[in-house]
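Encoded as C-alpha cells, the structure appears first; notes follow it.
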Amino acid sequence: MPTISMFQGIIIRMYYGPKEHNPPHLHSYYQEFEATYDINNAEFIDGDMPSAKNKLILAWIILHKDELIANWDLCQNGEIPFKIEGLK
C-alpha cells in the first residue's frame, strides 16, 4: 500500500488493485491510530483518530479531492498512485 502523502505526523495511503472495494477511500495512520475516509464525501468511514488529526485529514481531503479521485482511478487500474502535497 503506497504512501501518497505525509503531514503533521499523519501518513495517507491507498491500496491499489482492480478489486479494491468502493466507495473511493483512503487509509490514514497517526501513531497507533488508523482510520478510513470516503474521498467523494470527505467523511470518516471507520477506525480511530484523534479529533484534531481527523479535522486535518478531512480538510486535506477537501483540498485534494480531484487528485485523490485521479489516484483512485490509477489504483483501480493496478497503477501506482502519485504523491500529493500535505498540509503545511
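If a residue has to be small (G, A, S) and more than 22 Å from Q76 (Cα to Cα) to count, how many in segment 6-61 make the cut? Before the answer, list the steps.
At the first step, the residues of segment 6-61 found to be small (G, A, S) are 9, 17, 28, 35, 42, 47, 51-52, 59.
Applying the additional criterion that residues be more than 22 Å from Q76 (Cα to Cα) yields 9, 47, 51-52, 59.
Total meeting the criteria: 5.
Taking I11, is it over 13 Å from the mean Cα position of the chain (by Cα) and among the β-branched types (V, I, T)?
On the way: over 13 Å from the mean Cα position of the chain (by Cα): no; among the β-branched types (V, I, T): yes.
So I11 fails the test.
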So, in segment 3-33, how many residues would count as being within 22 Å of K88 (Cβ to Cβ), surrounded by 15 or more Cβ atoms within 10 Å (Cβ to Cβ) and touching a Pro at 6+ places or on another chain (Cβ under 8 Å)?
4
Among the residues of segment 29-44 satisfying the criterion of being in contact with a helix residue (DSSP H, G or I) (Cβ under 8 Å, 6 or more places away or on another chain) and not in a strand (DSSP E or B), which is nearest to S5 (Cα to Cα)?
I39
Among the numbered criteria (1) more than 14 Å from L26 (Cα to Cα); (2) of a type outside the set (K, R); (3) within 13 Å of the chain's Cα centre (by Cα); (4) at pLDDT below 95, which one does N77 miss?
(3)
Of all the residues that make up segment 45-88, how many are buried (at least 16 other Cβ atoms within 10 Å of the Cβ) and not in a helix (DSSP H, G or I)?
5
Return the total of residues in segment 1-28 being closer than 16 Å to N71 by Cα and in a loop (DSSP other than H, G, I, E, B).
13
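Keeping to segment 29-44, report how many residues are closer than 14 Å to I69 by Cβ and among the small types (G, A, S).
Taking segment 29-44 first, the residues closer than 14 Å to I69 by Cβ are 37-42.
Next, only the ones that are among the small types (G, A, S) stay: 42.
Here the count works out to 1.
Taking the criterion of being within 12 Å of I84 (Cα to Cα) and touching a residue at least 60 places away in the same chain (Cβ under 8 Å), would at least one residue in segment 17-27 satisfy it? Working first, answer last.
Taking segment 17-27 and keeping what is within 12 Å of I84 (Cα to Cα), we get none.
Within segment 17-27, not a single residue is within 12 Å of I84 (Cα to Cα) and touching a residue at least 60 places away in the same chain (Cβ under 8 Å).
The values are calculated or read from the model by the stated rules, or taken from the named source; none is laboratory data. Computed from a predicted model, the values in this text were never measured in an experiment. So basically every Cβ, Gly included, is an ideal-geometry build from the backbone, and we count neighbours across all protein chains shown.
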